[in-house]
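Report on one structure; see the data block that follows.
The values are calculated or read from the model by the stated rules, or taken from the named source; none is laboratory data. Note that the coordinates shown come from a computational prediction; the quantities given were computed from them, not determined experimentally. All Cβ positions, even for glycine, are placed from backbone atoms using ideal geometry, and neighbour counts span all protein chains on display.
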Amino acid sequence: MEDEADKIRVLLADDHAVVRAGIRQFLEMAGDIIVEAEAGDGEEATLLIGQNPLDVAVLDIQMPKMTGIEVTRWIRAHHSSMGVLILTAYDDEPYAMRALQAGANGYVLKTAAPEEIIQAVRDVYAGKTVVDAVLAQKLVSHIASPATTAVEALSEREMEVLVLTAKGLTNKLIANQLNISDRTVQGHLAHIFNKLQAASRTEAVMRAVALGWITPAQDIYAKED
C-alpha cells in the first residue's frame, strides 16, 4: 500500500457537494492522489490552502465569494509553487485565457474522462501545462492575431529557456540544464513575457506556438482518444 506521504495532496473546490464527491471518489481511486481538503467556495479554498500542506488545487471557475480565477491569482501570490488545475464546464476561450493568464497550470473540462482528469492532476503536479486539446487549438488561433505578429525577436538564450519551459521544466531544472542561475532564468522569463506580451508561462508558450517560433510540446495538450 502506498504511503500517504508519497501521494499528491489535493484541494478540491467546487460549490456543488455532489460534484465534489464524485470527483473525489475517482481521484482517490487512482491510488497516488489524496484529497486532503474540500471547499464549497473560493474564500474557503484560500483558508484551507493556508492551513494545509497541499500540492495541487483543483478549482471550479464559478464559485461564491471568490471565483476559481481569483483563487488562482491568490495562490500565485501566496503559494507560488502550488499547482493549479481548473476543472470546469466552461469551454469558452475567454475563461480559459483568463485562467491561464492568472497562472493556472491546467484547464480541463468536466466532460473529460476520469482517466484524463487524473492524468491532468499528475501532470500539473509534475510541473507540466495541460489544456483541453480542442480548446488549446482554439487558443493558439486566438492568440495569433495581427497585433502579436510584430513582436521583438527573442535571443538565442531566451529561445532555449522558452523551449524548456514548453516542456514543463521548472526554473531550477532549466537553470541546471543551461548551467545558469535560477535568478538568470527568472530574468530571461521576464524578458520573454515582455517581448511576447504574455502574463504567464503558458501564455508565452502558446503565443510562441501561434507565431511559429516553436513546435507545440505534447505537454500543453490533454490527451485525446
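Data table
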| quantity | calculated |
| --- | --- |
| Residues being touching a residue at least 60 places away in the same chain (Cβ under 8 Å), touching a helix residue (DSSP H, G or I) at 6+ places or on another chain (Cβ under 8 Å) and aliphatic (A, V, I, L, M) - total across region 94-124 | 9 |
| Test: residue in region 76-97 that is touching a His at 6+ places or on another chain (Cβ under 8 Å) and under 18 Å from THR202 (Cα atoms) | yes |
| Number of the exception - ALA198 against (1) buried (at least 19 other Cβ atoms within 10 Å of the Cβ); (2) modelled with pLDDT of 85 or more | (2) |
| Matching residues, region 56-73, being more than 18 Å from ARG20 (Cβ to Cβ) and surrounded by fewer than 20 Cβ atoms within 10 Å (Cβ to Cβ) | GLU70, ARG73 |
| Qualifying residue in region 142-157 (condition: surrounded by 14 or more Cβ atoms within 10 Å (Cβ to Cβ), among the aliphatic types (A, V, I, L, M), at pLDDT below 85 and over 16 Å from THR202 (Cβ atoms)) | yes |
| Entirely in region 1-83, the helices (runs of 4 or more DSSP H) that have 1 or more residues that are modelled with pLDDT of 90 or more, within 17 Å of ILE117 (Cα to Cα) and among the β-branched types (Val, Ile, Thr) | 17-29 |
| Neighbours by Cβ (under 8 Å, 6+ apart or cross-chain): first from region 165-177, at negative phi; second of a type in the set (Asp, Glu) | ALA166/ASP219; LYS167/ASP219; ASN171/ASP182; LYS172/ASP182; ALA175/ASP182 |
| Total residues in region 98-111, condition of a type outside the set (D, E, K, R) and either in the same structural domain as ASN194 (by TED's automatic domain parsing) or surrounded by fewer than 20 Cβ atoms within 10 Å (Cβ to Cβ) (or both) | 3 |
